[in-house]
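Colleague: What follows is a structure written as structure tokens; I'll ask about it next.
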Amino acid sequence: MTGCGAADNPPKAAFQLAAAKKTKPKPKGKPRSPPPAASASAVPTPTSTAIPTTTATAAPTPTAIPTTTATATPAPSPTATATASPTSPASPIATPSPTVTPPAGAAKDAAGRPLPDTAAKRAEEFPLPLATIEVGYAYGDRWFRQTEPTTGEIRTYTAVRLHSVVAVLEVYPASLSGLASWKNLGLTLSYGQALGVNSRLAGQTTEAGQSSNNVNSSAQTTGPFPTTYRRWDAGVRYRFPVASEGAWRFGVGAGYRQWRFDFDIPDEGNREVPRADYSLVRVSGDVEKWFGHFGMRGGLGLMAMLAPATLGNRESESLAWGGEANLGAAYALLPYLRLRASLFYTLYHLSLAPLPGRADAPGSVWDHYLTPSVSAEGVF
């Protein structure tokens, strides 16, 4: 019995060994165990590297490939991953266009909007001349009217055919500099001088058309009298910028004026002499418009006298004043040469103090000048 029992034990061990060998393939169920579940949970991760490690390398046998974890969850394609990734090459498409974004360093307002480029606006201004010089001929008339309200007297002086040479200079020294606020501020100078003028009293043989009706004169002072007619003006002018050659051109100015119409005759105590020796300050405005080669210009000015004017034995009182209007046309013969025709009307008004010892009402003087002219203008 003992030997039989000993003989039975070896087969049992062999059976167990065989059984062990037969049951060894049971690990085929291990891919369904928690390790594959961990691989399934790794699939949704956004990184593309986690998916191939769980499917291709974790399963040692081909049976792990057809599992539901590998087939039921579709592997995201590289294109989908690249589109969703913020660092993919497609991300610059979603950024704003460079044309909408203002350039770096551009000035902005409080709301973040780019401010207008003032430099570009200045570049659009039409270039105006650096200087102009005008030389020409003027024909003039003068009408002097003095009235005395107390006595009803009217004393006059008339001068016609006053031939003069005239010159006008206008220069803008800062126009070539970068000072935008100063480049349109210029200096002006004008001058006029009559030639060969003589005057006589009314009733005498007139010369050059000058005469006076003041007969309260001695015989030695009846004429002819050499007569001086001269005027000059110096000042400043500001011209407003324009965008094109055909735009309206406006300007304003101020200056000092000296106006003289005088006679080479001594003063006498019993008469007034129609002298004009005026020192004035002036403010003015002008406008010009070009239509191709043709241009039109006009202006207005106001003046105030700085000192009393003396007319022989009479002197002005209170504030004496003056006014001026002008109108002209021009033709651009060449880019640097223009022909001009102008008409100036100038008026001065004075109140005369009564003679000493008399209580007369103040006398009144209206002094008129009409001056047409033609000239050539150089433009630089």
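Colleague: Filter the stretch 317-345 down to the residues that are buried (at least 16 other Cβ atoms within 10 Å of the Cβ) and touching a Leu at 6+ places or on another chain (Cβ under 8 Å) and list them by number.
Modeller: Those that are buried (at least 16 other Cβ atoms within 10 Å of the Cβ) and touching a Leu at 6+ places or on another chain (Cβ under 8 Å): ALA320, GLY322, GLU324, ASN326, GLY328, ALA330, SER342, PHE344.
Colleague: State the number of residues belonging to the stretch 122-159 that are of a type in the set (Lys, Arg) and over 30 Å from ARG271 (Cβ atoms).
Modeller: Result for the stretch 122-159: 1.
Colleague: Among the listed residues GLU153, GLU134, identify the single one that is under 43 Å from the mean Cα position of the chain (by Cα) and assigned by TED's automatic domain parsing to the domain that holds VAL242. Break it down stepwise before answering.
Modeller: On the way: GLU153 fails: under 43 Å from the mean Cα position of the chain (by Cα).
Going through GLU153, GLU134 in turn, just one is under 43 Å from the mean Cα position of the chain (by Cα) and assigned by TED's automatic domain parsing to the domain that holds VAL242: GLU134.
Colleague: Which of the numbered conditions does SER199 fail, given that it passes all the others? Conditions: (1) modelled with pLDDT of 95 or more; (2) over 20 Å from the mean Cα position of the chain (by Cα); (3) surrounded by 15 or more Cβ atoms within 10 Å (Cβ to Cβ).
Modeller: Failed condition: (1).
Colleague: Hey, among SER190, SER181, SER164, SER175, which residue is exposed (fewer than 15 other Cβ atoms within 10 Å of the Cβ) and among the hydroxyl-bearing types (Ser, Thr, Tyr)?
Modeller: Details: SER190 fails: exposed (fewer than 15 other Cβ atoms within 10 Å of the Cβ); SER164 fails: exposed (fewer than 15 other Cβ atoms within 10 Å of the Cβ); SER175 fails: exposed (fewer than 15 other Cβ atoms within 10 Å of the Cβ).
Going through SER190, SER181, SER164, SER175 in turn, the sole match is SER181.
Colleague: Then there is this: Take TYR238 and decide whether it is over 26 Å from the mean Cα position of the chain (by Cα) and either of a type in the set (Phe, Trp, Tyr) or not assigned by TED's automatic domain parsing to the domain that holds PRO129 (or both).
Modeller: For TYR238, the condition - over 26 Å from the mean Cα position of the chain (by Cα) and either of a type in the set (Phe, Trp, Tyr) or not assigned by TED's automatic domain parsing to the domain that holds PRO129 (or both) - is not met.
Colleague: Scan the stretch 170-196 and report the pairs whose first residue is without any contact (Cβ under 8 Å) to a residue 12 or more places away in the chain and whose second residue is basic (Lys, Arg), with Cβ atoms within less than 6 Å and a gap of 6+ or a chain change.
Modeller: Matching pairs, first to second residue: ALA174/LYS183.
Colleague: In addition: Do we find that THR147 is loosely packed, with under 15 Cβ neighbours inside 10 Å, assigned by TED's automatic domain parsing to the domain that holds ARG237 and over 17 Å from SER199 (Cα atoms) in this structure?
Modeller: no
Colleague: Could you list, in sequence order, all residues of the stretch 276-316 that are surrounded by fewer than 20 Cβ atoms within 10 Å (Cβ to Cβ) and of a type in the set (Ser, Thr, Tyr)?
Modeller: SER279, THR310
The values are calculated or read from the model by the stated rules, or taken from the named source; none is laboratory data. These figures come from a predicted structure and were not determined experimentally. Ideal geometry is used to build each Cβ from the backbone, glycine not excepted, and the neighbour counts take in all protein chains shown.
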